[in-house]
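The values are calculated or read from the model by the stated rules, or taken from the named source; none is laboratory data. Just so we're clear, the structure is a prediction, and the values are computed from it rather than from any experiment. When we count neighbours, we look across all protein chains shown, and the Cβ atoms used for this are built from the backbone with ideal geometry, even at glycine.
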Amino acid sequence: MPDRELLWANNTKLFLSDLIEFISQQKVFFVGTATTDSRVNVSPKGMDSFRVLNNNRAIWLNVTGSGNETSAHVQQDPRMTIMFCAFEGPPLILRLYGTAKVIHQNDNDWQDLYGHFNPLPGARQIFDLSIELVQTSCGMAVPYLDYSGDRDLLSDWAEKKGDEGLKQYWEEKNQFSIDNIPTNIFAKNV
């Protein structure tokens, strides 16, 4: 897909490079996944954890949380949708549809992909998304919201836990989804 490919959104011409710039300015994005017979999971993400590698590939760094639904889902059904909303400036909703794979810390690709991010305490997985469709919609009903900063609570919590404490937390809370699907957080995929 050429970088200057013309797209239309809200009766406005947009180039793919404009959408990549839009993505880089967003403070939050939403991830949707599901398996054939699981609950649909939609998770908000932030912390400067999304990178566009090229016109057909993006990665995002997942930090430790109370659940691990996305990892469990993607390993059974790789479909993933990422959604960005303009909370300031002109209205826009941008969705990236594709298939993803999960990269755990024990995997060979971890080091190369992790290098695209600023280190985040509690980093547990990277999702590698092969983008199959980029879709925009108007976003005219999305409210204006002011960004006042990131919450440091999760980073502070992860730093206090330390590496061993995080691994114990993953063992207790992150090995299975709420539908009892394994996340394979400790598996080695080479």
Select from segment 153-174 the residues that are touching a residue at least 12 places away in the same chain (Cβ under 8 Å) and among the polar types (S, T, N, Q) and write down the one among them that is farthest from S71 (Cα to Cα). S155
Suppose we keep only residues that are under 27 Å from L92 (Cβ atoms), surrounded by 13 or more Cβ atoms within 10 Å (Cβ to Cβ) and among the polar types (S, T, N, Q) within segment 127-182. Which one would you say is nearest to the chain's Cα centre (by Cα)? S130
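This table checks each residue for (1) surrounded by fewer than 17 Cβ atoms within 10 Å (Cβ to Cβ); (2) out of contact with any His (no Cβ under 8 Å at 6 or more places or on another chain).
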position: E88; (1), (2): yes, yes
position: T99; (1), (2): yes, yes
position: W110; (1), (2): yes, no
position: L113; (1), (2): no, yes
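For (1) touching an Asp or Glu at 6+ places or on another chain (Cβ under 9 Å); (2) not acidic (D, E), each residue gets a yes or a no:
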{"residue": "A58", "(1), (2)": "yes, yes"}
{"residue": "T70", "(1), (2)": "no, yes"}
{"residue": "D77", "(1), (2)": "no, no"}
{"residue": "F84", "(1), (2)": "no, yes"}
Pair list, Cβ < 8 Å and 6+ apart or interchain, from segment 128-147 residues that are without any contact (Cβ under 8 Å) to a residue 60 or more places away in the chain to residues that are among the acidic types (D, E): Y144/E88; L145/E88; D146/E88
From the list T35, T81, exactly one residue is more than 16 Å from the chain's Cα centre (by Cα) and at pLDDT 95 or above. Which is it? T35
Filtering segment 19-52 for residues that are buried (at least 17 other Cβ atoms within 10 Å of the Cβ) and in a loop (DSSP other than H, G, I, E, B) leaves a count of 6
Listed by first then second residue, the pairs whose first member lies in segment 86-113 and is within 20 Å of D146 (Cβ to Cβ), whose partner is of a type in the set (G, A, S) and assigned to a strand (DSSP E or B), with beta carbons under 7 Å and at least 6 positions apart or on separate chains, are L92/A9; I93/S137
Condition test on K160, is it more than 18 Å from F29 (Cβ to Cβ), among the basic types (K, R) and either in contact with a helix residue (DSSP H, G or I) (Cβ under 7 Å, 6 or more places away or on another chain) or in a loop (DSSP other than H, G, I, E, B) (or both)? no
